[in-house]
Amino acid sequence: MASRVNSSFTLIPNQKHRRSNRRSSYFSNTVITDSQLLSTLGNFKALPLEIFHMILRYLSVKDVSMLSMVSKTVSQHIIDYISTSSGSKRLLLQDFHNLELPDGRQDSTILEHYRSLGLLFKRCTLLLPTKERLKYIHKTLAEVSCFKFSGCAAPLQCLGLSCYGMFLQTLTAGWDELECHRVYNFLCELTNLPRKMQAVVCSKPGSARKLELRIRLFCRNALLDHWTHRSDSAFWLTRILKPWPMVNQARLLYIIFGPISPQDGQVVWQKMIEGPTDEPSLKGLADAIKLLYDTGTKEWTVDDVISLVDELSVVPREWLLENNARLLILSGNNICFTFMASKAVNGRAIELARLIVFLALVCEKELYCMDWAVKMMQKVCTVFSTPVERNNFLQSVANAFACVIMEMMQLIMSEDRGEENRRFLNLFYLVHAQANFHKEVLYLTMNTLST
């Protein structure tokens, strides 16, 4: 039975936020006398509003954002300019599909524009409470269809969500966690994101491919990919994952960071099941796991991350052990050892021994140092509490090499010629892995005896 979503994800502490003493709306009907208005305009007081707007057209977005800090009145005039058709047309660029310039220059140009625009909105709305800021910004950006969850008909060729993410990153940089919680909750209400996530995690993998793709693009481009500090990325990834049970967290992690088809960008669910995969297919997942483990996020314990890795290895069904081993290697020494130590502590020594075999196989295929696999096994041996358990584990490793080799030979003998060649190559690597693994064990033993 599918786990139900935790409905508490929209709840935030019921307390006053730090800007609650400000006026509730920047656009309130407070009466400002002509003399007060003129005194805050400085040298601009002699200019008609139309001329002031014409001057703004000659300024860069960065310069306009600097000008907005002169006074509240100037800032109000700039907000009025943004609301005009000419100001909106100039500032809200929508050339998201014209990617003709070489070397990605068009990409960087429009992304930099929205970074500057985010700073302009950050400064113009500085005196507003967070809720009012978000409402005003949403109202202003609502006309840009490519900023919406399903607003673009060609999302893979569109920079709209990336520009929206750059805008949000600049806008919220430096905000405290409570305010960022409000931003995420606002986006969830705006896009109905939790319900869409529930639809994909509670259905058969691949049955809603277009929705999976939309969720992936929105989470990656709008929420995760533009942060310079890993702690910020971890915060937003935590917001996405934590409301859900562990099994659904693993599904979401695969949707957002798992391998995709180069043709249509959709998630490839059978990639980890049908055969050995490559490093690029696993790198996104490994980086996400390291992000949660290494940044010291208080909402993720070591056990949480290891359980997530364990759950991930059966999405949508149990992975080939070689792919599991490759993910652990890419995730780093700490995660790899902790994952393996967890199996040792829980009495899964035979399963652990087979994992050692495939760690050695990946090292052989990728030309990694085989002594790494041997030292990892040696470190895992320290987890066993008695010499008998340790010796039994080492015997299991030796047996596992023999068993896996026999399994591969049986597959070669039972399959057609095309598949046989691929299996034979894998067997070739495994035999060499076994030889090099035992060579490193002998080196380690002899060095220990000589000292």
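Would you confirm whether or not region 163-170 contains a residue that is open to solvent by less than 30 Å² (accessible area, probe 1.4 Å) and either more than 19 Å from the chain's Cα centre (by Cα) or farther than 17 Å from K122 by Cβ (or both)?
From region 163-170, those open to solvent by less than 30 Å² (accessible area, probe 1.4 Å) are 163-170; that's our starting set.
Subset that is either more than 19 Å from the chain's Cα centre (by Cα) or farther than 17 Å from K122 by Cβ (or both): none.
No - not one qualifying residue is present in region 163-170.
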Candidates M376, M406 - the one that is out of contact with any strand residue (DSSP E or B) (no Cβ under 7 Å at 6 or more places or on another chain) and within 19 Å of K439 (Cα to Cα): M376
Test: residue in region 397-409 that is outside any helix (DSSP H, G or I), acidic (D, E), over 23 Å from S307 (Cα atoms) and open to solvent by 70 Å² or more (accessible area, probe 1.4 Å): no
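The rows are residues; the columns are (1) more than 29 Å from L321 (Cβ to Cβ); (2) out of contact with any Lys or Arg (no Cβ under 9 Å at 6 or more places or on another chain); (3) part of a helix (DSSP H, G or I).
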| site | (1), (2), (3) |
| --- | --- |
| W227 | yes, yes, no |
| R239 | yes, yes, yes |
| V247 | no, yes, yes |
| R251 | no, yes, yes |
Qualifying residue in region 160-174 (condition: part of a helix (DSSP H, G or I), within 17 Å of W244 (Cβ to Cβ), in the same structural domain as N98 (by the TED database) and modelled with pLDDT of 95 or more): no
N346 vs. criteria surrounded by fewer than 15 Cβ atoms within 10 Å (Cβ to Cβ) and under 22 Å from the mean Cα position of the chain (by Cα): no
Positions within region 52-62 being over 19 Å from R115 (Cβ atoms) and exposed (fewer than 11 other Cβ atoms within 10 Å of the Cβ), in sequence order: Y58
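Could you tell me how many of the residues in region 301-317 are of a type outside the set (K, R) and open to solvent by 20 Å² or more (accessible area, probe 1.4 Å)? Talk me through it step by step, then tell me what you get.
So the first thing to find is which residues in region 301-317 are of a type outside the set (K, R), and the list is 301-316.
Next cut, open to solvent by 20 Å² or more (accessible area, probe 1.4 Å) only: 301-304, 307, 310-311, 314, 316.
Going through region 301-317 one residue at a time, the tally reaches 9.
Per-residue answers, yes or no, for (1) within 16 Å of L330 (Cβ to Cβ); (2) of a type outside the set (A, V, I, L, M):
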site	(1), (2)
K343	no, yes
V357	no, no
V362	yes, no
L367	yes, no
K375	no, yes
T382	no, yes
S385	no, yes
Of the criteria (1) in a helix (DSSP H, G or I); (2) within 18 Å of the chain's Cα centre (by Cα), which one F149 fails: (1)
Any hit, region 278-293, residues being open to solvent by 20 Å² or more (accessible area, probe 1.4 Å) and among the hydroxyl-bearing types (S, T, Y): yes
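Of the residues L425, L430, which single one is modelled with pLDDT under 95 and open to solvent by 50 Å² or more (accessible area, probe 1.4 Å)? Write out each step before concluding.
Working: L430 fails: open to solvent by 50 Å² or more (accessible area, probe 1.4 Å).
Just a single option satisfies the conditions, and that option is L425.
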Test: residue in region 279-296 that is within 24 Å of F401 (Cα to Cα) and of a type outside the set (K, R): yes
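Filter region 147-162 down to the residues that are free of Cβ contacts under 8 Å to residues at least 60 places away in the same chain and out of contact with any helix residue (DSSP H, G or I) (no Cβ under 8 Å at 6 or more places or on another chain), then identify the one that is least open to solvent (accessible area, probe 1.4 Å).
Initial filter on region 147-162 (free of Cβ contacts under 8 Å to residues at least 60 places away in the same chain): 147-148, 151-154.
Next, from what is left, pick out any that are out of contact with any helix residue (DSSP H, G or I) (no Cβ under 8 Å at 6 or more places or on another chain): 153-154.
Values: A153: 105, A154: 35 Å².
Per the criteria, the residue is A154.
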Check on Q106, modelled with pLDDT under 90, surrounded by 15 or more Cβ atoms within 10 Å (Cβ to Cβ) and not hydroxyl-bearing (S, T, Y): yes
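The values are calculated or read from the model by the stated rules, or taken from the named source; none is laboratory data. Predicted model, so just to flag it, every value in this text is computed and none were measured. Every residue, glycine among them, receives a Cβ derived from its backbone with ideal geometry; neighbour counts consider all protein chains shown. Remember, those area values only see protein heavy atoms, side chains included, never the ligands or the DNA or RNA. Shrake-Rupley method; radii C 1.70, N 1.55, O 1.52, S 1.80 Å.
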